[in-house]
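The values are calculated or read from the model by the stated rules, or taken from the named source; none is laboratory data. Please read all numbers here as calculations on a predicted model, not as lab measurements. Heads up, the Cβs are rebuilt from the backbone with ideal geometry, glycines too, and the neighbour counts pull from every protein chain shown.
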Amino acid sequence: MTKCESYDLTAWGKPFEKAVREIPDLPDKAVLVKVTAAGLCHSDLHIKKGFMDLGERGKLTFTQRGAQLPLTLGHEIAGTVEATGASVTDVEPGQSVVVFPWIGCRTCLACDEDRESDCSAMRIIGIHRNGGFATHVVVEDEKFLVDIDGLDPAIVAPYACSGITVYNGLLKAGLTRPDEWLAILGAGGLGLNAIAIAQAMGFKNVIALDIDDAKLESAAQMGADKTLNSTGGEAVA
Ligand SMILES: [Zn+2]
Ligand SMILES: [Zn+2]
């Protein structure tokens, strides 16, 4: 039987600890993925601490959100299919995949309509179930895997979180008209991703704003049509 090695959170706020566990037999629709790349998301730092700081509104703990320890974090996962359940037909061992971690309850109306991210009882990989800071991850259905053949897994892995986040925002914004501008506020990890994805989606007139000239330079390299340091005097105009 294949063994899974992982680095688990066993107490909120404490360092990860190495764990080894046996991987049980795969349910019919499940897929075992051997992890080749796992991203560290900023949310992982909050999860490790055990709570989100809501300022004046106090703290939202991950226990309140259904997380239980011990837990293997990591929701940005790319890897190679190692084994498949009996009824899996669309992926096969050896295939390179990225994992969609935002898995819903699969019984509510939103899940029925394939809007799992609207589910109110999500069971997210790396938050509610063991994630990618491990040698292996079990994904309960092949439909949560996307083929990434020929792509670098280390580059693709973060798209499972930051890529989806900005893509969703851009979809909601809708394409700009020729006389409109799309402003990306902040040219950090998500902002730079947003610039790249906006171009791929066909957005024109993309302006990146930040208070750090080095980040604005990166934004220009990523293809922003204009950049603006929002601490400068011309930012008001
Ligand atoms: Zn994330
Ligand atoms: Zn649901």
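Does any residue of segment 113-127 turn out to be away from ligand 2 (no atom under 16 Å from the Cβ) and either without any contact (Cβ under 8 Å) to a residue 12 or more places away in the chain or not in a helix (DSSP H, G or I) (or both)?
Taking every residue of segment 113-127 in turn, at least one turns out to be away from ligand 2 (no atom under 16 Å from the Cβ) and either without any contact (Cβ under 8 Å) to a residue 12 or more places away in the chain or not in a helix (DSSP H, G or I) (or both).
Any residue in segment 56-76 that is of a type in the set (D, E, K, R), exposed (fewer than 14 other Cβ atoms within 10 Å of the Cβ), away from ligand 1 (no atom under 16 Å from the Cβ) and modelled with pLDDT of 95 or more?
No, the conditions are met nowhere in segment 56-76.
Name every residue in segment 1-50 that is touching a helix residue (DSSP H, G or I) at 6+ places or on another chain (Cβ under 8 Å), closer than 18 Å to Thr61 by Cα and modelled with pLDDT of 95 or more, in order of residue number.
Result: Leu9, Trp12, Gly13.
Determine if segment 84-103 includes at least one residue that is among the β-branched types (Val, Ile, Thr), under 17 Å from the mean Cα position of the chain (by Cα), in the same structural domain as Gly50 (by TED's automatic domain parsing) and under 20 Å from Ile47 (Cα atoms).
yes
Can you confirm whether Cys119 is in contact with a helix residue (DSSP H, G or I) (Cβ under 6 Å, 6 or more places away or on another chain), assigned by TED's automatic domain parsing to the domain that holds Ile77 and either under 30 Å from Gln68 (Cβ atoms) or β-branched (Val, Ile, Thr) (or both)?
Yes: the conditions hold for Cys119.
Would you say Val139 is in contact with a Pro (Cβ under 8 Å, 6 or more places away or on another chain) and away from ligand 2 (no atom under 16 Å from the Cβ)?
no
Please go through segment 110-130 and give me each residue that is among the basic types (Lys, Arg), farther than 21 Å from Cys41 by Cβ and at pLDDT 90 or above, ordered by number. Lay out the reasoning, then the answer.
Within segment 110-130, the subset among the basic types (Lys, Arg) is 115, 123, 129.
If we keep only those that are farther than 21 Å from Cys41 by Cβ as well, we get 115.
Across segment 110-130, there are no qualifying residues.
What are the pairs with Cβ atoms under 7 angstrom where one residue, in segment 169-181, is free of Cβ contacts under 8 Å to residues at least 60 places away in the same chain and over 15 Å from Ala196 (Cα atoms) and the other, located anywhere, is part of a loop (DSSP other than H, G, I, E, B) and of a type outside the set (Phe, Trp, Tyr)? Sequence gap at least six, or different chains.
Thr176/Lys204; Thr176/Asn205; Pro178/Lys204; Glu180/Asn205; Trp181/Asn205
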